1. Counting helices only, and only those DSSP H runs with n ≥ 4, report the 222 nm mean residue ellipticity of the chain as the sum of -39,500 (n - 2.57) divided by its residues, in deg cm²/dmol to the nearest 500.
2. Suppose all protein chains stay in the model; what accessible area per residue would a 1.4 Å probe give for region 410-471, in Å²?
3. Tell me which of L399, F433, A337 sits at the most positive position along the dipole axis of the chain, charges placed on C-beta atoms (Lys, Arg +1; Asp, Glu -1).
4. Under the Karplus relation 6.51 cos²θ - 1.76 cosθ + 1.60, θ = phi - 60°, what is the ordered set of whole-Hz ³J(HN,Hα) values for region 42-48, x standing for Gly and Pro?
5. To the nearest 20 debye, what is the magnitude of the charge dipole of region 610-727 about its Cα centre, counting +1 on the Cβ of each Lys and Arg and -1 on the Cβ of each Asp and Glu?
6. State the Cα centre-to-centre distance between region 181-243 and region 66-88 in whole Å.
7. Separation of region 245-284 and region 691-741 by C-alpha centroid, Å?
8. For I586, list long-range residues whose amide hydrogen, built 1.01 Å from N in the peptide plane, is under 5 Å from its own amide hydrogen.
Amino acid sequence: MAASGSVPRLGILTSGGDAQGMNAAVRAVVRTALSMGAEAFAIYEGYQGMIEGGDGIKQFSWDDVGSVLHRGGTVIGTFRSLDFKERWGRKKAAANLVDRGIDRLIVIGGDGSLSGLDLFSREWPGLLDELVAEGRISQTSADAHPALMIAGLVGSIDNDLVGTETTIGADSALHRIIDALDALSSTSASHQRRFVVEVMGRHCGYLALMSAIAGGCDWVFVPENPPADGWEDRMAAALSRGRAQGRRESMVIVAEGAQDRHGTPITARLVADVIKDKLDEDARITILGHVQRGGRPSAYDRWASTWLGYKAVHQVLAAQPGDAGTVLGIRGNRVAAFDLVEAVERTRQVPVRIQEQDFEGAMQLRGGSFHEMADIFDELNNPEHVESSSPDTQRIAVLHAGGLAPGMNTAAEAAVRLGLSRGFSVLGVRNGFDGLRDGDLTELGWGDVEGWMGEGGANLGTKRDVPEIEHLYSISRAIEENRISALLVVGGFNAYEGAWLLNHERDRYPAFNLPIVCVPASIDNNLPGSELSVGADTALNAITESIDRIKQSGTATKRCFVIETMGRQCGYLAAIGGLAGGAERIYLHEEGITLDDLVTDLEWMRDSFATGRRLFLAVRSEGANDHYTTDFLARLFDEGGGDLFDVRQSILGHLQQGGNPTPFDRLLAVRLVSRALNVIGGQFASGKHDGLYVGLTASGIETGNLAHFHEVMDMKHRRPLEQWWLELGPIVQATAHGPGA
């Protein structure tokens, strides 16, 4: 801490390339620091502002970071400082920090920025000794700040820090790329034209690989895994196969750092020339460039960056002299701390491995999920892997059930193509369990699901109906007559309930003795064994975009908005949507609402509007309270607000279920379906026929036993007994309420 009895002071800066979500992290750092009784200083233009001092270092108040969540880039600026690479520059920066009593520093940037932060921290005592000897600072000042406590956050759209799953900005960059690919696919299909698209990634193929999967592309080039010699012929053959399968659009993704196994760059121009030479077709080149850095941050880059900023403040305020510097990142859907030096060193090993042609080593550094997705891409886009079916081929039926969730079509396409690739026949069941009962199903081929990857809705149809007891015999007969070997059920709460019922009735109906595996797809995010469900991220982005527009509409007057989200009595959408949207108050069934709470909130509004507030945002989950409805809250606040402010309410409704799935939901659907098929294949091999569900948890993708579905759920309120996101509640308190609120 700072000298005994003094208020801790910390600085926050953004350095290197900008990334969407940096503003959310800056906002969280400033407001969390103030909430914890510390003082926060924004350092403008990265390390250069720290060197120049003066107006480059400014103390921030609560309102200085208001209305920044939705903004791209970084409001405090960034700079690639050459001066900071010199000792004299770092010494000048140290003097400026000591002058302001700052001895804790949070830096948001890439590996270069973070390595500079580590060096600065290690040199700090020596720099202060030199400054004392030169008479620049007093010994008393040096003694009051014997060490610089640090924390790093990775702001990089490339998602290139080894050890973390997602860095600040990567999800938003994927949004920009997928928006472009979706737009290009329509014109590509119209003209049966091929496009070659270059995306960022000098040493990291994350954006290229993930956008190729989520965008349903034909071929991809990434730096870590260069193609073997002869790639030109193989790519041309793959593109021809796709066209033969009925594919009208055709796209190839090239990472800017792609090369062959001899180190020769593979550029978008080269790929287009190969297509012309091998197929005698012109290919259009699109280089997305810095558009990938621009635009509003996604919902994920708002709430996750807020979480990271909150944790970083706790980290530096708890640190003691001598503690090693850490970098914070997302791992297993949690914020985790890593040794800063080790993380940077491992990250810098990737281009070294590539240069040494140790491509397997480079892939291993990227992590198991990156390697897994590379293999999945190969399966999704190579129909030559498909084995011809025979009477003995295992037949997997895919059906949707429960409410509509964006990403259901993605899951269906993945199930068909991965299933065929793995030697199964795949049947599509129309309209859920009712369609299974009525035998409304058909065998699906590779081309039948062309273009489903990015489509919203559910082309197979979905129904909320859970099978009735009297319909179980008809369902069992349909399974037997269609020689169904396994059921892959993609859907929400009712899908799991229906699958549980079939699993539970195995003794009465022998046809149900087959593998039944559920994949979570629900915007409510209320399913067992999975912290995130397919569709929830798309709904969150719809909520966040709506909140942005609603807040913008209220800028001309003093206004309180009460916004209602879906989710029934599971508050995930309200909680995370409110966090991403910058809500001051969030009402959840899990926490309850009392009249005393509402009176306190009304008094808070009156006081804050009387002292200058212009906007107040309250988000309410639709099932938060049967009596204190959205309309009730709006009327109460409107009556109590008098002439201080007016109130509007907005029920977002089914727009949360609409639209094309986000990149996150597409990738999650593919990963979960791939694992579900692996589980089914394992049961075929072992002769088992368990009822299971797959899900994304803190430790990766795991399976749970469907027989225990009711035991891990709050069945009355249709939500898991344990919900990880409830631990984010204090972040709303710290970043939205303000000190003393």
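1. Values: 23 runs with 303 residues, N = 741.
That calculation yields -13000 deg cm²/dmol at 222 nm.
2. Numbers: 2080 Å² over 62 residues.
So region 410-471 comes to 34 Å² accessible per residue, rounded to a whole number.
3. A337
4. 8, 10, 7, 6, x, 5, 5
5. Numbers: 12 positive and 14 negative charges, 90 e Å.
Magnitude of the dipole: close to 420 debye.
6. Each part's Cα centre sits 33 Å from the other's.
7. 44 Å
8. Hits under the 5 Å cutoff: V619.
The values are calculated or read from the model by the stated rules, or taken from the named source; none is laboratory data. Being a predicted model, the structure only gives us computed values, none of them experimental. Every residue, glycine among them, receives a Cβ derived from its backbone with ideal geometry; neighbour counts consider all protein chains shown. Ligands, DNA and RNA are stripped out before the accessible areas are found, and what is left, the full protein with its side chains, is counted by its heavy atoms. Shrake-Rupley method; radii C 1.70, N 1.55, O 1.52, S 1.80 Å.
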